[in-house]
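Q: Before I ask anything, here is the structure I am working with.
The values are calculated or read from the model by the stated rules, or taken from the named source; none is laboratory data. Keep in mind the model is a prediction, meaning the values are calculated, not measured. Positions of Cβ are generated from backbone atoms using ideal geometry, with glycine treated the same way; all protein chains shown enter the neighbour counts.
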Amino acid sequence: MKIKRFEFNMFPVNCYVLWDETKEAVVIDPGCFYEEEKQTLKNYIANNDLKLKHVLNTHLHLDHIFGNPFMKQEFGLSPEANKADEFWLEMAPHQSRSYGFKLPDDPIPLGKYLCDGDQITFGNTVLEAIHVPGHSPGSLVFYCKESNCMFAGDVLFQGSVGRADLTGGNFDELIENICSRLFVLPAETVVYPGHGAATTIGIEKVENPFFR
C-alpha cells in the first residue's frame, strides 16, 4: 500500500491518500479548506490516475470534514464515519463561527455508517475500522494489518493523546480504549495521526507520558 500525506492549514490537519497496485484509492480526513488545498488534492488523485473508492472520516470534528463537500462534488462520494459522531455535522456551522469564520459549504450527510470491525476494501487492500471512543464518541482508527499501520485520527499522537474536553469526549474512556484496543497490536505498527508526525505503537507504549 502506498501513502501520501497532506497537511492542510486552516487547523493543521493530516489528510491521507492510500492506494495500491490496482490504482484504487481512499482518502482519509479531507481537511482541505482553501481552494488551493482542494485543487492540490484533486490534482494529486488525477495525476496518479487513482480511482477513488471511499472518503473516510476518523471522526467528525470540524477540521477533519472541511473537504467532504468538495469530495462529493468532484468524485461523487459521500463520507463514511461512525454514527455516534453524526451530531457534529449539525454543530459544524456554529462551531466554525465560534472560531471566527464561516464554512464555505454546509456539511453533507454521511453516505454510510462504519461500525467497529467493519472492513473497507479498495483494490487488494483491506482496512479494519476499530472504534476507539474518548476523543469523540464515534472516533475510528483505520488499521491495515497487511501494511502494518493505522490511521488514528485524533485518538493517539506522538507523545500525546487526543483532547477529551469537547462534547462527547471522555478522558478515562480514551485512555482505556487506547490500551485495550490499540496497544494490543504489534509494537512495530506505524501510527499515522490526524495531526503531527508518525510514530509506532511500541514507542508510545514506552515513551508516551499518558501511559507511564
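Q: Please go through region 63-94 and give me each residue that is aliphatic (A, V, I, L, M) and modelled with pLDDT of 95 or more, ordered by number.
A: Pass one, region 63-94, residues aliphatic (A, V, I, L, M): 65, 71, 77, 81, 84, 89, 91-92.
65, 71, 77, 81, 84, 89 - these are the residues of region 63-94 that are aliphatic (A, V, I, L, M) and modelled with pLDDT of 95 or more.
Q: Count, please, the residues in region 40-77 that happen to be surrounded by fewer than 16 Cβ atoms within 10 Å (Cβ to Cβ), among the polar types (S, T, N, Q) and either touching a residue at least 24 places away in the same chain (Cβ under 8 Å) or assigned to a strand (DSSP E or B) (or both).
A: Total meeting the criteria: 2.
Q: Return a yes/no flag: does region 10-24 have any residue that is among the aliphatic types (A, V, I, L, M), surrounded by 19 or more Cβ atoms within 10 Å (Cβ to Cβ), outside any helix (DSSP H, G or I) and in contact with a His (Cβ under 9 Å, 6 or more places away or on another chain). Spell out the reasoning first.
A: The first filter runs over region 10-24 and keeps only residues among the aliphatic types (A, V, I, L, M), leaving 10, 13, 17-18.
Pick out the ones that are also surrounded by 19 or more Cβ atoms within 10 Å (Cβ to Cβ) and you get 13, 17-18.
If we keep only those that are outside any helix (DSSP H, G or I) as well, we get 13, 17-18.
After this cut, where a residue has to be in contact with a His (Cβ under 9 Å, 6 or more places away or on another chain) as well, the list is 13.
For region 10-24, residues among the aliphatic types (A, V, I, L, M), surrounded by 19 or more Cβ atoms within 10 Å (Cβ to Cβ), outside any helix (DSSP H, G or I) and in contact with a His (Cβ under 9 Å, 6 or more places away or on another chain): present.
Q: Got a sec? Which strands (runs of 3 or more DSSP E) wholly within region 95-212 have at least 2 residues that are more than 13 Å from residue 58 (Cβ to Cβ) and at pLDDT 95 or above?
A: Numbers: elements: 119-122, 125-131, 140-144, 149-153, 190-193.
Answer list for region 95-212: 119-122, 125-131.
Q: OK, next. Tell me which residues, restricted to region 25-39, are in a loop (DSSP other than H, G, I, E, B) and either over 22 Å from residue 152 (Cα atoms) or free of Cβ contacts under 8 Å to residues at least 60 places away in the same chain (or both).
A: 30, 31, 32, 34
Q: When you look at residue 80, is it in contact (Cβ under 8 Å) with a residue 24 or more places away in the chain, of a type in the set (D, E, K, R), touching a strand residue (DSSP E or B) at 6+ places or on another chain (Cβ under 7 Å) and in a strand (DSSP E or B), yes or no? Show your work before the answer.
A: On the way: in contact (Cβ under 8 Å) with a residue 24 or more places away in the chain: yes; of a type in the set (D, E, K, R): yes; touching a strand residue (DSSP E or B) at 6+ places or on another chain (Cβ under 7 Å): yes; in a strand (DSSP E or B): yes.
For residue 80, the condition - in contact (Cβ under 8 Å) with a residue 24 or more places away in the chain, of a type in the set (D, E, K, R), touching a strand residue (DSSP E or B) at 6+ places or on another chain (Cβ under 7 Å) and in a strand (DSSP E or B) - is met.
Q: Moving on. Among the residues of region 110-127, write down those that are within 21 Å of residue 139 (Cβ to Cβ) and out of contact with any helix residue (DSSP H, G or I) (no Cβ under 7 Å at 6 or more places or on another chain).
A: Initial filter on region 110-127 (within 21 Å of residue 139 (Cβ to Cβ)): 110-120, 126-127.
Within region 110-127, 110, 111, 112, 114, 115, 116, 117, 118, 119, 120, 126, 127 meet the criteria.
Q: Does region 88-101 contain at least one residue that is loosely packed, with under 13 Cβ neighbours inside 10 Å, among the hydrophobic types (A, V, I, L, M, F, W, C), more than 26 Å from residue 126 (Cβ to Cβ) and out of contact with any helix residue (DSSP H, G or I) (no Cβ under 7 Å at 6 or more places or on another chain)? Lay out the reasoning, then the answer.
A: We begin by selecting, within region 88-101, every residue loosely packed, with under 13 Cβ neighbours inside 10 Å; these are 90, 94, 97-101.
Now drop any that are not among the hydrophobic types (A, V, I, L, M, F, W, C), which leaves 101.
From what's left, more than 26 Å from residue 126 (Cβ to Cβ): 101.
Cutting the leftovers down to out of contact with any helix residue (DSSP H, G or I) (no Cβ under 7 Å at 6 or more places or on another chain) gives us 101.
Yes, region 88-101 contains a residue that is loosely packed, with under 13 Cβ neighbours inside 10 Å, among the hydrophobic types (A, V, I, L, M, F, W, C), more than 26 Å from residue 126 (Cβ to Cβ) and out of contact with any helix residue (DSSP H, G or I) (no Cβ under 7 Å at 6 or more places or on another chain).
Q: What residue, of 46, 25, is over 25 Å from residue 191 (Cα atoms) and small (Gly, Ala, Ser)? It would help to see each step written out before you state the result.
A: On the way: 25 fails: over 25 Å from residue 191 (Cα atoms).
Selected residue: 46, the only one of 46, 25 that is over 25 Å from residue 191 (Cα atoms) and small (Gly, Ala, Ser).
Q: Now for a different question. Across region 153-195, what is the number of residues that are farther than 25 Å from residue 18 by Cα and either of a type in the set (Asp, Glu) or buried (at least 21 other Cβ atoms within 10 Å of the Cβ) (or both)?
A: Within region 153-195, residues that are farther than 25 Å from residue 18 by Cα and either of a type in the set (Asp, Glu) or buried (at least 21 other Cβ atoms within 10 Å of the Cβ) (or both) number 6.
Q: Right, next: Restricting the search to region 197-210, which residues are surrounded by 14 or more Cβ atoms within 10 Å (Cβ to Cβ) and not hydroxyl-bearing (Ser, Thr, Tyr)?
A: Let us first name the residues in region 197-210 that are surrounded by 14 or more Cβ atoms within 10 Å (Cβ to Cβ), namely 198-205, 208, 210.
Residues satisfying the conditions are 198, 201, 202, 203, 204, 205, 208, 210.
Q: Taking the stated definitions as given, is residue 120 in contact with a strand residue (DSSP E or B) (Cβ under 6 Å, 6 or more places away or on another chain), surrounded by 15 or more Cβ atoms within 10 Å (Cβ to Cβ) and among the β-branched types (Val, Ile, Thr)?
A: On the way: in contact with a strand residue (DSSP E or B) (Cβ under 6 Å, 6 or more places away or on another chain): yes; surrounded by 15 or more Cβ atoms within 10 Å (Cβ to Cβ): yes; among the β-branched types (Val, Ile, Thr): yes.
Answer is yes for this residue.
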